[in-house]
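Remarks on the structure that follows.
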Amino acid sequence: MLVYAGEALARYGFGEGHPLGPDRFNAFWQAFQRSALLKLSTVKAPVQGTAEDARLFHSAEYVHRVQQLSDLGVGMLDMDTPVFPGIFETALVVVCSVLDAVNEIMSEHASQAFVPIAGLHHASRTSSAGFCVFNDCGIAIEALRRRHRIHRILYIDIDAHHADGVFYAFEQDPDLLFIDVHEDGRYLYPGTGSATECGSGPARGTKLNIPMPPGATDEIFFNYWPKIAEFMEKHPPEFIILQCGADSLAGDPITHLQFSPEVHYQTAKRIGEYARTVCNGRVLALGGGGYNRANIATAWLQTIRGLLTGTAENSPGS
């Protein structure tokens, strides 16, 4: 298991007091260093990316706009995403750390990797959204296809917010298999991801959106697992991306789901077991959202533990 960690990743945030602040990384990192998982993982430093990396998914015009605003150091990319000096370079650290993880997995140096500050799933091809400057999930998908000739990819997301930036970018793509369990968009940003949104054109039926009511518990989540498992068995991928946002846990300040850490552990464990049978164990996990710092540490550690358990004969300690 590769785990990406370093100050360059922690810098992706919008200041102390902002829901997405730099202390999110530190909450995870301190807990990870105290856990038995550290000895079962290889820690790798973040990697600086380039504009070319961002253009794998985003339009050249949008990438240029981010660079210009970053040089100015002030302004807003959208109503939720403020600019700070160097935001362009900082966002590209997230991007290229994810791309480096893809490279490591595809070169068989590792079968799994976790990038804690990543999974920025709201940005579209032409704009930022919801604290997300560049959509590293979409960039990873495009890199797998263009650089590694991997086409059939499963993207699974258990963040409380719907991955609209990923869904709509690949809505008509039958080879991007998509599963998203999220809080019902009638109650939470971005307001999308109804159960009827299942892909369009040749991709109809290759997308599975599962909106959850506010207050949904583990029981409701696991009641849907047979449907998720059936979908995965019907659509075996060559590579899996797991976005494991911690904001679906009970106690998050801006969402309303009531999951326990068992959801993250069991999801990761089952994904790890499934990956071992269909795609040589290839799983890239991305931290995603989460605004309760204790929940961030717990959810992400349980994700790592679950993935390691799912691909090993002996269960690691937590």
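Filtering region 147-158 to residues that are assigned to a loop (DSSP other than H, G, I, E, B) and touching an Asp or Glu at 6+ places or on another chain (Cβ under 6 Å) leaves I150, H151, R152. Just to be sure, is F167 of a type in the set (F, W, Y) and touching a helix residue (DSSP H, G or I) at 6+ places or on another chain (Cβ under 9 Å)? It is false that F167 is of a type in the set (F, W, Y) and touching a helix residue (DSSP H, G or I) at 6+ places or on another chain (Cβ under 9 Å).
Among all positions in region 59-73, there is no residue which is under 22 Å from K269 (Cβ atoms) and either touching a residue at least 60 places away in the same chain (Cβ under 8 Å) or outside any loop (DSSP other than H, G, I, E, B) (or both). Might you check whether a residue that is closer than 17 Å to A91 by Cα and in contact (Cβ under 8 Å) with a residue 24 or more places away in the chain occurs anywhere in region 151-165? Checked against the condition, which is being closer than 17 Å to A91 by Cα and in contact (Cβ under 8 Å) with a residue 24 or more places away in the chain, region 151-165 yields at least one hit. Scan region 130-146 and tell me whether some residue there is among the aromatic types (F, W, Y) and out of contact with any Asp or Glu (no Cβ under 7 Å at 6 or more places or on another chain). Yes, region 130-146 has at least one match. When we screen A101, A91, A54, A45 for residues that are within 24 Å of G306 (Cα to Cα) and either of a type in the set (S, T, Y) or under 18 Å from the mean Cα position of the chain (by Cα) (or both), the only hit is A101. Residues of region 193-231 that are buried (at least 18 other Cβ atoms within 10 Å of the Cβ) and part of a loop (DSSP other than H, G, I, E, B): G193, E197, G199, T206, A216.
Within region 70-117, being among the acidic types (D, E) and at negative phi holds for D71, D78, D80, E89, D100, E104. Looking only at region 118-139, which residues are among the hydrophobic types (A, V, I, L, M, F, W, C) and within 24 Å of T255 (Cβ to Cβ)? Answer for region 118-139, where residues must be among the hydrophobic types (A, V, I, L, M, F, W, C) and within 24 Å of T255 (Cβ to Cβ): A118, L120, A123, A129, F131, C132, V133, F134, C137.
Within region 254-287, being among the polar types (S, T, N, Q), crowded, with 24+ Cβ neighbours inside 10 Å and not in a loop (DSSP other than H, G, I, E, B) holds for one residue alone: T267.
Those residues that are farther than 12 Å from T126 by Cβ and in contact with a helix residue (DSSP H, G or I) (Cβ under 8 Å, 6 or more places away or on another chain), I need them from region 56-72; list them, please. Across region 56-72, the qualifying residues are L56, Q67, L69, S70, D71. With respect to the conditions (1) under 24 Å from G165 (Cβ atoms); (2) of a type in the set (G, A, S); (3) more than 17 Å from the chain's Cα centre (by Cα), S107 lacks only one, and its number is (1).
When F84, F88 are checked against the criterion of being in a helix (DSSP H, G or I) and of a type in the set (F, W, Y), a single residue qualifies: F88.
Which of the residues belonging to region 29-55 are in a loop (DSSP other than H, G, I, E, B) and surrounded by fewer than 20 Cβ atoms within 10 Å (Cβ to Cβ)? Listed by number, the residues that qualify are S35, A45, Q48, T50, R55. When you scan region 6-28, do you find a residue that is in a loop (DSSP other than H, G, I, E, B), loosely packed, with under 15 Cβ neighbours inside 10 Å and on the phi < 0 side of the Ramachandran plot, even just one? Yes - at least one qualifying residue is present in region 6-28.
Since every read-out is calculated from the coordinates, none of them should be taken as a lab result. Note that the coordinates shown come from a computational prediction; the quantities given were computed from them, not determined experimentally. In this analysis, Cβ positions are derived from the backbone assuming ideal geometry, glycine residues included, and neighbour counts consider all displayed protein chains.
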